[in-house]
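Just below is one structure, and these are the notes that go with it.
The values are calculated or read from the model by the stated rules, or taken from the named source; none is laboratory data. Every value quoted in this text rests on a predicted model; they were computed, and no experiment measured them. Every residue, glycine as well, gets a Cβ built from its backbone with ideal geometry; the counts of neighbours run over all protein chains shown.
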């Protein structure tokens with residue numbers, strides 16, 4: 001796997017995971033894998049994030065572990081050093097973009113406007129994250145920009161549910177979607193990894 005486009009084909013749903021405890025990392029990854037999901041976007045939103053990526057990379061090598069919420073240049077290198085196999089940004093500045101390129105890892109840069117998407121395309125990036133999806137116009141927006149931007153594919157994330165997922169996946173310019181519903185806070189707090197596996201199994205069939 002060497003490109004962002006490859007990332008879009010790993011699973012119909014890319015779980016967007018927030019972990020407060022690195023001890024939950026391996027069981028969460030194994031539950032997702034058992035449910036048929038072979039990729040994780042683990043967000044850098046908590047102090048446990050980098051340690052969680054390290055543990056998954058070392059102990060669950062069958063799953064493709066990526067780092068999400070890369071919002072500063074140093075995050076890119078930290079994530080790569082922890083063992084992340086790809087990066088995801090919610091938006092993009094030149095500094096974050098350069099840092100992501102410097103890691104040599106594939107990445108999905110975030111865009112929510114036509115101008116942002118065109119700028120990223122100028123840098124050779126054709127697989128993008130569309131965030132925040134629902135708040136930025138959702139299915140209707142993505143459908144409307146498919147005509148003028150036919151060479152771009154998106155992973156929409158933000159506010160998508162298991163019910164709205166099929167509407168996104170039906171679009172020709174959507175490769176996969178990002179979903180946080182696969183690893184809900186209550187299931188993680190209760191260490192209910194069976195529930196996570198069940199959500200993953202449902203999502204893998206979308």
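In the list 206, 97, which residue meets the criterion of being at pLDDT below 95 and within 18 Å of the chain's Cα centre (by Cα)? Show your work before the answer.
Working: 97 fails: at pLDDT below 95.
Only one candidate passes the filter, namely 206.
Pick from region 104-128 the residues that are in contact with a strand residue (DSSP E or B) (Cβ under 7 Å, 6 or more places away or on another chain) and not in a strand (DSSP E or B): which of them is surrounded by the most Cβ atoms within 10 Å (Cβ to Cβ)?
Here is the first cut: in region 104-128, the residues in contact with a strand residue (DSSP E or B) (Cβ under 7 Å, 6 or more places away or on another chain) are 105-112, 117, 120, 126-128.
Still in the running and not in a strand (DSSP E or B): 105-106, 109, 112, 117, 120, 126.
Details: 105: 19, 106: 20, 109: 25, 112: 21, 117: 21, 120: 22, 126: 17.
Looking at the filtered set, the residue picked out is 109.
So, in region 162-203, how many residues would count as being under 15 Å from the mean Cα position of the chain (by Cα), part of a loop (DSSP other than H, G, I, E, B) and free of Cβ contacts under 8 Å to residues at least 60 places away in the same chain?
Of the residues in region 162-203, 1 are under 15 Å from the mean Cα position of the chain (by Cα), part of a loop (DSSP other than H, G, I, E, B) and free of Cβ contacts under 8 Å to residues at least 60 places away in the same chain.
Pick from 50, 87: which is buried (at least 18 other Cβ atoms within 10 Å of the Cβ) and free of Cβ contacts under 8 Å to residues at least 24 places away in the same chain? Explain how you work it out, then say what you get.
Details: 50 fails: free of Cβ contacts under 8 Å to residues at least 24 places away in the same chain.
Sole residue among the options that is buried (at least 18 other Cβ atoms within 10 Å of the Cβ) and free of Cβ contacts under 8 Å to residues at least 24 places away in the same chain: 87.
Taking region 57-85, which residues are under 23 Å from residue 132 (Cβ atoms) and assigned to a loop (DSSP other than H, G, I, E, B)?
Selection gives 69, 70, 71, 72, 84.
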